[in-house]
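Inspection log for the structure reproduced underneath, given as structure tokens.
Derivation of every value follows stated rules applied to the coordinates shown; laboratory data play no part. Keep in mind the model is a prediction, meaning the values are calculated, not measured. Cβ: placed from backbone, ideal geometry, glycine included. Neighbour counts: every protein chain shown.
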Amino acid sequence: MKETKSKEQALIGPQIAVQRYLDDLLQEATTEQADDQAVIEDQNTAEEFDSSEETDDIDESEELDDADEPEDVDESEATEASKVSGFGLSDDELSSLDASFKDFEEAISSQVNGLSDAAEEPHLAQPELELEPEQEPVKKVSRTDPLPWATGRFECLLFYVGGLKMAVPLVELGGIFQSSKDKLTSIFGQPNWFMGVANVGEFNLRTVDTALWVMPNHYQGEMKENFKFVIQLDRSNWGVACERVAEAITLEPSQVKWRSDRSKRPWLAGTVIDHMCAILDVQGFIELLDDPNNGFRRAVK
Amino acid sequence: MATSIALKSGNHTDDPMLQWVTFRLEHEIYGVNVMQVKEVLRYSEVAPVPGAPSFVLGIIHLRGTVVTVIDTCQRFGLPSGEITDATRIMILEVEGHVIGILVDAVSEVVYLRQSEIEPSPSVGNDESSKFIQGVCHKNNILLILVDLDKLLSEDEWSEVGTM
């Protein structure tokens, strides 16, 4: 525990901010489970429980509303977030951290500034790397079932969107393509997150501003120019834009904090604290994007 | 000065060949059904009409007939482009009405099989997204095919008609 604590202390600000972001993403699942149990036991008791645990339980809508005003997030939320992450920091230590997403945004902006250097890394200079398509038919998974590819050890490809590191399971990775303004045809009347259509081989890839999905309340689309790659979601017509593609990693299911209910934010399968990244639920993301009734804002709310 | 466009037919029973006149607007290429294009004019002065809807640029005289010119960029929600030597007014016949649309340039006539046309992404809630009939990848360019029949609503047609 002491080692963990000192490790935590050694983390620099942006890393802590990213970790906090990942924890906040997961927190909704914990909250929903607690709410469900309380409802089953006793409605009145549940109300009392909710009021006494108000600082602990933050439902997604509250979380999103609060996110609009990061300075409003209080210390108790910060304490809870650290409990979720299991690092057990003291109040004093926590008070030194800004519990809001502001740090995360700063982390993003600081890392965005370094993008030009990162983009020149040798392993990123590879032109269009297309992976072999997964031949197995896609099974529709309930939003509460464990993901079929996550029953044993699995591999993920890491990529960066702003300062956030994300991971896409290789079995559901359709391909990676270089993106450019020339290749991307913008279509009028589409939402802000829809960057345009890129013709890649047999696909007209509908490219999504990933940042507007993963941090809609903290980002206005200013990173669009920095997106250099498009990651195709499975063999669908959807691709998520990213700034940088990194290495592939192998994960054990136990390393991941899985979300038990993915009905909200269905694009998020879970988070990996070891790598400080969020794992995409590719099929959930595709379904979300394919559903015209969902609409972007409606899906977020 | 007008440029006439020759029409050719190329139908196939199951998968008809359609002809589309392509034009440029901002940085993208759009297509409209050739059967609805009457002629293409070089840009000439468009007389603004007081009290006209925002999507109406004004009117022009075409061989004794008054034709309403639509501000296509405004209609599509795009930033307005500059008038250049390439700017054209496409005269169209839509729903029995003759209108003009201002475009940055007219490119060519392309032949597309019906099967080559993909539906539009349809993720937009914006009103203007309904103007898109589909998209098609041709000669390394993604064409955005416009459904002219939906360009104006019935009310808007009557409004234009009374100008």
**Asked** In terms of modelled amide H atoms, which long-range or inter-chain residues lie less than 5 Å from the amide H of B:Leu62?
**Response** B:Val67
**Complete:** Sorted by chain and then number, the residues having a modelled amide H within less than 5 Å of the amide H of B:Val135, at least 5 places away or on another chain, are B:Glu118, B:Ser120, B:Leu145
**Fill in**
Of B:24-36, B:60-72, ordering from highest average Cβ density within 10 Å down gives B:24-36, B:60-72
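If segment B:2-161 were replaced by its equivalent ellipsoid, with semi-axes equal to the square roots of 5 times the Cα gyration tensor eigenvalues, what would those be, largest first, whole Å?
On the way: eigenvalues 126, 65, 49 Å².
Square roots of five times the eigenvalues give 25, 18, 16 Å.
A 18 angstrom limit on the alpha carbon distance is what I want to check against. Which of A:Lys183/A:Lys224; B:Lys38/B:Lys138; A:Lys165/A:Lys228 exceed it?
Working: A:Lys183/A:Lys224 14 Å; B:Lys38/B:Lys138 24 Å; A:Lys165/A:Lys228 15 Å.
Checking Cα-Cα distances, B:Lys38/B:Lys138 exceed 18 Å.
Among B:Ser153, B:Ser54, which comes first, second and so on when ranked by fewest other beta-carbon atoms within 10 Å?
Working: B:Ser153 11, B:Ser54 8.
Going from sparsest to densest Cβ surroundings: B:Ser54, B:Ser153.
May I ask you to list the trypsin sites (Lys or Arg not before Pro) in segment A:154-262 that are in a DSSP loop and have at most 12 other Cβ atoms within 10 Å of their Cβ? Provide the component values of the computation, followed by the final result.
Values: sites: A:Lys165, A:Lys181, A:Lys183, A:Arg206, A:Lys224, A:Lys228, A:Arg235, A:Arg244, A:Lys257, A:Arg259, A:Arg262; in loops: A:Lys181, A:Lys183, A:Lys228, A:Arg235, A:Arg259, A:Arg262.
Hits after loop and neighbour filter: A:Lys181.
Need one word for segment B:44-85: rounded, prolate or oblate. Basis is the Cα gyration tensor (sqrt eigenvalues a ≥ b ≥ c); a/c below 1.5 gives rounded, then a/b vs b/c decides.
On the way: a/c = 2.32, a/b = 1.39, b/c = 1.66.
Note, shape of segment B:44-85 comes out oblate.
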